[in-house]
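The values are calculated or read from the model by the stated rules, or taken from the named source; none is laboratory data. These figures come from a predicted structure and were not determined experimentally. All Cβ positions, glycine included, derive from the backbone under ideal geometry; neighbour counts span all protein chains shown. Each accessible area value is taken on the protein alone, full model and side chains, heavy atoms only, with ligands, DNA and RNA left out. Shrake-Rupley method; radii C 1.70, N 1.55, O 1.52, S 1.80 Å.
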Amino acid sequence: MNKYMLAAIMGASADVDLMSADRLEALTGGHGMVNMAVWGIANVIADELARKRDIAISFSNTRTLPVDEVIAKCIGAAKEAGAEAGNASLLTAVMLYLAGTPAHAGVPVGNRKLGALCRMASGVQRCGVAMIPTAKWGNKVSGFAAVKAIYDAIAAGELTEVDGRDIPTGVTALFVGHAPLGEEHAILEVAKRSAGIGTRAMIDAQAGVGVKPELLYDAIFGAAAALEIAHPDAWTMEPNGDVIEDSPYLVGKSACEAAGLPARLTLEVTGEVYDTAKLVGDLGLILKDAGAPTVVGMLCLRDLLQVFQESATPYRPTTPPMGHACAEGVLAMKALIAWDFDRGRVADALVQLMRTKRVDPEIAQVAINTVARKAEQVRRGTVTNVVIRATDPERSRVLLDRATKSYEWLMSGSTLEQVVYALEMERKARVESGAGAMLSRMMGKDVSFNVRKIAPRHHKKGMRGNWWVFDMDVDLDITIAGRTTKLDGLAQNCIPQAVLEGNKEMASVVGLACLPIAEFALSPHTIANITVPAAMAALLAKAVPADAARVAEKAAFITAAIPGTREKAQEAAERAIEILSAIQG
């Protein structure tokens, strides 16, 4: 038995790519997403800080700063992972900012801005905010919405009471820049009003293309558009007369108020608290200076900022596809810095986070282990090392569990189809329970789920219609405080009723019902329910590898949500046979 178990486990995990149906190798070239760049940058920053490298910026009278070398290494790591110059610049700047580098320093000569430093190091061209896309969520818009709204307000004379045509000849930039007319009137008014106008325009633009507004990111865009106009290094004032030493804070505060964001954001793991106005203002300054990111870069920005406890940008409860997994890398970097590189403490904290904040904690740990291992193929470092250390135990346990059950059930007479189906039912029960428990804690009342059907709808979508995640037909029951609502056709019936028909009763439950279904839909990031049983069936001569893979994929009604699992299962089975042959001599 032990030889079969070892061979099945080793076959299914011999190549990290066999752990997932996602296209991991493509990710290392930046095709589709650039989260591998975030892991590489995190490794560089953590390793440099472990060596006591200075990552601060200042307006010293020098050609370079120590941080310039760190920036160059981060840009290099990002490009190694397939990020083009604009994405490498933005992601490097944001990661360094989160690690403690100020967004800007100095005025006027010697002035340095983090986004601009990264842009110059990457070789990317300057890009106006109007050209920067939002992250895709179905559809997408761009910063043009914020820029247009602000310029419309400018043309209408709505940003400041100071009319430039009234400024006497001889009153130079000195007097309208760093003097009362500017800092206490024109700059102050433009900064406050433009950021709010830009943020509201971004909210309206996203809503107008059928996208639920992402308030934090809309505020960042509003701040970025405002800072293309407002003096970014002026000393401005609060309404009560308190001096604000940098105008990005005032811009960020106005944007946050327009978006209705909380005043503070709390980082997961370390508990570090961020002033939301400062975070938004600084990220707006970085965004407008960092160059020309693409949609995948902006998607990655969204993913790496999903590290907070508050709802504005929360750590996500569902485990994301491999292309979106990078929050744990950011949190590992932050914890290493905060806890003096105590790897054991960081590893324990990451595991605890996934145990308490993921719908399916065991699969979450396996998935994050997979993406960290893949990232190490591009750029090794402390962050990937500590994440792998944290998640290796659960990965090993999950593989052993699938191998043990597959062996025992197959030897007792179960078919491969029955084995895979039983493992899928266990996954279904685990997700139903995890989603119910999570929502019960949040709502203070008992919530439970019973998912009755998961299948493709086969609705005129060609080959894509064969895969349920692309055209889902899902029925489930949700019970809240003893009251059960039956949802037949969640995607094609219930959600359109809530959104298009204004059915408020339906709207009150469909969002909750999406939690377990989203976890199921993203499940191909970890395919051990398919590969391990297929490998075991081939080892026990129940089927040849190709047939075992075909049967296992067909039986995996949850995990085989996208194409690619059959090929991985066949290779895992073939490798398992080769390994067993070597073990037996």
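Listing for the model above:
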| item | result |
| --- | --- |
| The range 259-268, subset surrounded by fewer than 22 Cβ atoms within 10 Å (Cβ to Cβ) and touching an Asp or Glu at 6+ places or on another chain (Cβ under 9 Å), residue nearest to Leu301 (Cα to Cα) | Thr266 |
| Filtered residue count, the range 302-312, keeping only those that are open to solvent by 10 Å² or more (accessible area, probe 1.4 Å) and in a helix (DSSP H, G or I) | 1 |
| Residue match in the range 140-161 (condition: closer than 30 Å to Val330 by Cα, part of a helix (DSSP H, G or I) and open to solvent by 50 Å² or more (accessible area, probe 1.4 Å)) | yes |
| Residues within the range 171-209 that are among the polar types (S, T, N, Q) and surrounded by fewer than 19 Cβ atoms within 10 Å (Cβ to Cβ), tallied | 1 |
| Residue in the range 453-466 that is within 22 Å of Phe557 (Cα to Cα), in contact with a His (Cβ under 8 Å, 6 or more places away or on another chain), free of Cβ contacts under 8 Å to residues at least 12 places away in the same chain and not hydrophobic (A, V, I, L, M, F, W, C) present | yes |
| First in the range 155-184 and at pLDDT below 75, second anywhere and in a helix (DSSP H, G or I) and among the small types (Gly, Ala, Ser), Cβ under 6 Å, 6 or more apart | Val176/Gly182 |
| Inter-residue pairs, beta-carbon under 9 Å, first farther than 15 Å from Ile478 by Cα and in a helix (DSSP H, G or I) and in the range 423-440, second charged (D, E, K, R) and open to solvent by less than 20 Å² (accessible area, probe 1.4 Å), 6+ apart | Leu423/Arg402; Arg427/Asp360; Arg430/Asp360 |
| Residues of the range 478-492 that turn out to be among the charged types (D, E, K, R) and surrounded by 14 or more Cβ atoms within 10 Å (Cβ to Cβ), as a count | 1 |
| Among the residues listed as Ala549, Ala507, the single one being at pLDDT 95 or above and not polar (S, T, N, Q) | Ala549 |
| In the range 282-298, residue farthest from the chain's Cα centre (by Cα) [restricted to those that are of a type outside the set (Val, Ile, Thr) and more than 16 Å from Arg112 (Cα to Cα)] | Ala292 |
| Among (1) among the hydrophobic types (A, V, I, L, M, F, W, C); (2) crowded, with 24+ Cβ neighbours inside 10 Å; (3) part of a loop (DSSP other than H, G, I, E, B), the one test that Ala277 misses | (3) |
| Some residue of the range 53-63 being open to solvent by 40 Å² or more (accessible area, probe 1.4 Å), assigned to a helix (DSSP H, G or I) and more than 25 Å from Met298 (Cα to Cα) | no |
| Considering residues of the range 112-139 that are open to solvent by 50 Å² or more (accessible area, probe 1.4 Å) and either part of a loop (DSSP other than H, G, I, E, B) or within 12 Å of Ser58 (Cα to Cα) (or both) only, the residue modelled with the highest pLDDT | Gly123 |
| Condition check for Ala234: of a type in the set (A, V, I, L, M, F, W, C), within 22 Å of Pro102 (Cβ to Cβ) and touching a Ser or Thr at 6+ places or on another chain (Cβ under 7 Å) | yes |
| Conditions (1) out of contact with any strand residue (DSSP E or B) (no Cβ under 7 Å at 6 or more places or on another chain); (2) surrounded by 22 or more Cβ atoms within 10 Å (Cβ to Cβ); (3) over 15 Å from Gly291 (Cβ atoms): number failed by Pro108 | (2) |
| Output for the range 300-326, where each listed residue is touching a strand residue (DSSP E or B) at 6+ places or on another chain (Cβ under 9 Å) and of a type in the set (A, V, I, L, M) | Val307, Ala312 |
| Some residue of the range 335-344 being in a helix (DSSP H, G or I), within 22 Å of Asn35 (Cα to Cα) and open to solvent by 10 Å² or more (accessible area, probe 1.4 Å) | yes |
| Matching helices (runs of 4 or more DSSP H) fully within the range 475-563 where at least 1 residues are at negative phi, more than 30 Å from the chain's Cα centre (by Cα) and free of Cβ contacts under 8 Å to residues at least 60 places away in the same chain | 504-521, 528-539, 545-555 |
| Boolean, Val351 is at pLDDT 95 or above and open to solvent by 10 Å² or more (accessible area, probe 1.4 Å) | yes |
| Checking Thr294 against (1) surrounded by fewer than 21 Cβ atoms within 10 Å (Cβ to Cβ); (2) within 19 Å of Leu215 (Cβ to Cβ), the condition it does not meet | (2) |
| Lone unmet requirement of (1) more than 24 Å from Glu432 (Cα to Cα); (2) among the aromatic types (Phe, Trp, Tyr); (3) open to solvent by 10 Å² or more (accessible area, probe 1.4 Å) for Tyr315 | (1) |
| Ala422 of a type outside the set (S, T, N, Q) and surrounded by fewer than 22 Cβ atoms within 10 Å (Cβ to Cβ) | yes |
| Residue within the range 247-256 that is modelled with pLDDT of 95 or more and either under 20 Å from the mean Cα position of the chain (by Cα) or not in a helix (DSSP H, G or I) (or both) present | no |
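Per-residue answers, yes or no, for (1) farther than 22 Å from Ala569 by Cβ; (2) open to solvent by less than 10 Å² (accessible area, probe 1.4 Å); (3) under 19 Å from the mean Cα position of the chain (by Cα):
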{"site": "Val366", "(1), (2), (3)": "no, yes, yes"}
{"site": "Ala372", "(1), (2), (3)": "yes, yes, yes"}
{"site": "Glu376", "(1), (2), (3)": "yes, no, yes"}
{"site": "Ile388", "(1), (2), (3)": "yes, no, yes"}
{"site": "Arg397", "(1), (2), (3)": "no, no, no"}
{"site": "Leu400", "(1), (2), (3)": "no, no, no"}
{"site": "Thr404", "(1), (2), (3)": "no, no, no"}
{"site": "Tyr407", "(1), (2), (3)": "no, no, no"}
{"site": "Glu426", "(1), (2), (3)": "no, no, no"}
